[in-house]
Amino acid sequence: MPGSVLTVERSVDAPRKARARVRELLGRLGPERTDDATLLISELVTNAVKYGPEQGEIRIIIDEHEGATRFTVCDTGAGPLPVMRPLERLPHQGGGHGLRLVEMVSDRWGVERGSTRVWFELDQ
């Protein structure tokens, strides 16, 4: 798949819209990896809506390279880089597990400076 760039408006519906748009593009990954990708995209877009700036859109960049598919979620935020919270500092009910889930499900992941960019890779 050549590089694809998807955009979703920042809203409470953004994670659902992002999942649907990513699922349309991922027929070659197979059902399990497509489910992984849509789960992680949903988590990262939710984080972008929750922690990013109030205005602007969220971009999802999808690229294939060296036997893997890389997904990058970008917002226009210029705040601190996202970090995984220690388990003992997570709320007792719901939330706070997004980056931990990305680490557990993806084959590789990271963050980049500039606008807030979190990426993950799934091997094919």
Inset, instruction - Kindly indicate whether any position in segment 28-37 is at pLDDT below 80 and touching a Ser or Thr at 6+ places or on another chain (Cβ under 7 Å). - result: yes
Legend entry - Total residues in segment 29-39, condition more than 13 Å from residue 62 (Cα to Cα) and not in a loop (DSSP other than H, G, I, E, B): 6
Legend entry - Residue pairs meeting the criteria (Cβ under 7 Å; at least 6 apart or on separate chains; first under 16 Å from residue 60 (Cβ atoms) and in contact (Cβ under 8 Å) with a residue 24 or more places away in the chain, in segment 108-124; second among the hydroxyl-bearing types (Ser, Thr, Tyr) and outside any loop (DSSP other than H, G, I, E, B)): 117/72; 119/72; 121/69; 122/69
Legend entry - Selected residue (criterion: farthest from residue 10 (Cα to Cα)) from residues of segment 50-70 that are crowded, with 16+ Cβ neighbours inside 10 Å and touching a Gly at 6+ places or on another chain (Cβ under 6 Å): 63
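Considering only residues of segment 56-70 that are of a type outside the set (Val, Ile, Thr) and in a strand (DSSP E or B), which is farthest from residue 119 (Cα to Cα)? If you could, list the steps in order and put the result at the bottom.
Just the residues of segment 56-70 that are of a type outside the set (Val, Ile, Thr), to begin with: 56-57, 59, 63-68, 70.
With in a strand (DSSP E or B) added as a condition, the list becomes 57, 59, 63-65, 68, 70.
On the way: 57: 17, 59: 12, 63: 11, 64: 13, 65: 14, 68: 12, 70: 7 Å.
By that ranking, first place goes to 57.
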Inset, instruction - Considering only segment 6-18, state which residues are surrounded by fewer than 16 Cβ atoms within 10 Å (Cβ to Cβ) and under 13 Å from the mean Cα position of the chain (by Cα). - result: 7, 16
Legend entry - The lone exception for residue 73 - which of (1) surrounded by fewer than 18 Cβ atoms within 10 Å (Cβ to Cβ); (2) in a strand (DSSP E or B) it fails: (1)
Legend entry - Only one of 45, 8 that is over 24 Å from residue 107 (Cα atoms), of a type in the set (A, V, I, L, M) and modelled with pLDDT of 90 or more: 8
Legend entry - Test: residue in segment 29-49 that is exposed (fewer than 15 other Cβ atoms within 10 Å of the Cβ) and in contact with an Asp or Glu (Cβ under 9 Å, 6 or more places away or on another chain): no
Inset, instruction - Please name all residue pairs, on different chains or six or more residues apart, with Cβ atoms under 7 Å, provided the first residue is in segment 25-50 and is without any contact (Cβ under 8 Å) to a residue 60 or more places away in the chain and the second residue is of a type in the set (Phe, Trp, Tyr) and crowded, with 22+ Cβ neighbours inside 10 Å. - result: 41/71
Legend entry - Unmet criterion (only one of (1) loosely packed, with under 14 Cβ neighbours inside 10 Å; (2) assigned to a helix (DSSP H, G or I); (3) at pLDDT 85 or above) for residue 24: (3)
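The values are calculated or read from the model by the stated rules, or taken from the named source; none is laboratory data. Everything numeric in this text was worked out from a predicted model, so none of it was measured. Backbone-built Cβ (ideal geometry, glycine too); neighbour counts: all protein chains shown.
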